[in-house]
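Novice: This is the structure I want to talk about, given as structure tokens.
The values are calculated or read from the model by the stated rules, or taken from the named source; none is laboratory data. Computed from a predicted structure; not experimentally measured. When we count neighbours, we look across all protein chains shown, and the Cβ atoms used for this are built from the backbone with ideal geometry, even at glycine. Accessible surface areas use protein heavy atoms only, side chains included; no ligands, DNA or RNA. Shrake-Rupley method; radii C 1.70, N 1.55, O 1.52, S 1.80 Å.
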Amino acid sequence: MSTVLYDAPGPKARRRARVITVVVLLALAGAVAFLVVAFVSPRTSVSGAELRPLSDPSLWVILNDRAIWRFLLGGALATLRMAALAAVLALVIGVLFSFLRTARSRWIRLPSTIVLEFFRGMPVLLMMLFVLLVFSTGAYGAGVTALALYNGAIIGEILRSGVAALPRGQREAGLTIGLTPLRTRFLIEFPQAVRHMLPIIIAQLVVLLKDTALAYVISYDDLLFRIDTMRKGDGNLIFTLFLVALVMYLAINLTLSTIARLVARRVRPGGGSPRIPGRGVFGRRRSVAPDPMVATQGKPAP
């Protein structure tokens, strides 16, 4: 027996499916049992000190303290402040790199390619440490600079590939009507490339936001740094605090990811739903007098 899409499974396939289902269910049950035992069992730190089990209510009572939430929200705002400025600078740098990488002059295109590959190949954390130690910009300036340069180089390549994917006729049409090559790139090609690559650019900005956690290493007062400060005060709270940080980072990143999906749905060809006015162009129905010539068509002559 067969269906339109696939053949019906035979006895061996059904037996194999049942075995796989049982194995997966047993594995899930074992994982849940392990988590329950770990949650109620005492823990041991790296130094050998015995810690309270995760089920101890004293480890979770801190979540009722408003001062702690204000302290953590201040760190989250510091994270967003770094990510916002770095995102704006990364977009500007990306646009600049996209123009330099597609320049007609080899003396402009080759040096910009070398600089772009250098920024893309250097780790973000190493770039933060380099800017901090060499230029003494402070933790905030070092984090913003490193994130802007690294993500700007990637966004520049995204925009360049978007321009390269356009039909050649777009550029030829601009040159035909008298535009210069620069104005053709800026007025015709670049807006189309941004429209097609906007979901990928937003996804890269989500990566930028997650990379702000690396600024914790250079002592920037962000969410992760404040979590670690509270952890040093009481080692028993490490799981509770990092769970809170996980939830806050997930909430921020999932929000941006949702925005990226909505933008991708709106900018794709045929995306969005057209709005058809139901009561006329001017917001209300307008009566139109019947055409006497149309009204008399089809009627018998008197």
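Novice: When you go through R226, R195 one by one, which is the residue that is surrounded by fewer than 16 Cβ atoms within 10 Å (Cβ to Cβ), touching a residue at least 60 places away in the same chain (Cβ under 8 Å) and more than 20 Å from P123 (Cβ to Cβ)?
Specialist: Testing whether each residue is surrounded by fewer than 16 Cβ atoms within 10 Å (Cβ to Cβ), touching a residue at least 60 places away in the same chain (Cβ under 8 Å) and more than 20 Å from P123 (Cβ to Cβ) leaves just R195.
Novice: Looking for whichever is out of contact with any helix residue (DSSP H, G or I) (no Cβ under 7 Å at 6 or more places or on another chain) and among the charged types (D, E, K, R) here; the options are R101, R109, R70, R52. Which one fits?
Specialist: R70
Novice: Only residues in segment 91-112 that are among the charged types (D, E, K, R) count as the first member; pair them with residues that are assigned to a loop (DSSP other than H, G, I, E, B) and surrounded by fewer than 17 Cβ atoms within 10 Å (Cβ to Cβ), Cβ under 6 angstrom, at least 6 apart or cross-chain, and list the lot.
Specialist: Partner pairs satisfying both residue conditions: R109/A103.
Novice: Name the pairs whose Cβ atoms lie under 9 Å apart, with the first residue in segment 65-81 and in a helix (DSSP H, G or I), the second among the aromatic types (F, W, Y), and 6 or more positions between them or separate chains?
Specialist: Final answer for the pair search is G75/F225; A76/Y249; A78/Y140; A78/Y220; A78/F225; T79/Y220; T79/Y249; R81/Y140.
Novice: Restricting the search to segment 87-112, which residues are over 14 Å from I158 (Cβ atoms), surrounded by 15 or more Cβ atoms within 10 Å (Cβ to Cβ) and modelled with pLDDT under 90?
Specialist: Correct list: L100, A103, S112.
Novice: Tally up the residues in segment 116-160 that are small (G, A, S), farther than 19 Å from F225 by Cα and surrounded by 15 or more Cβ atoms within 10 Å (Cβ to Cβ), please. I'd like the intermediate steps shown before the answer.
Specialist: First, the residues of segment 116-160 that are small (G, A, S): 121, 136, 138-139, 141-143, 146, 148, 152-153, 156.
In the following step, the residues that additionally are farther than 19 Å from F225 by Cα were identified as 121, 136, 148, 152-153, 156.
If we keep only those that are surrounded by 15 or more Cβ atoms within 10 Å (Cβ to Cβ) as well, we get 148, 152-153, 156.
Summing the residues that are small (G, A, S), farther than 19 Å from F225 by Cα and surrounded by 15 or more Cβ atoms within 10 Å (Cβ to Cβ) in segment 116-160 gives 4.
Novice: Still on this structure, I have one more. Of all residues in segment 56-79, which are open to solvent by less than 70 Å² (accessible area, probe 1.4 Å) and within 27 Å of M127 (Cα to Cα)?
Specialist: Answer for segment 56-79, where residues must be open to solvent by less than 70 Å² (accessible area, probe 1.4 Å) and within 27 Å of M127 (Cα to Cα): L72, G74, G75, A76, A78, T79.
Novice: Next question. Take L241 and decide whether it is part of a helix (DSSP H, G or I), open to solvent by less than 40 Å² (accessible area, probe 1.4 Å) and at pLDDT below 85.
Specialist: yes
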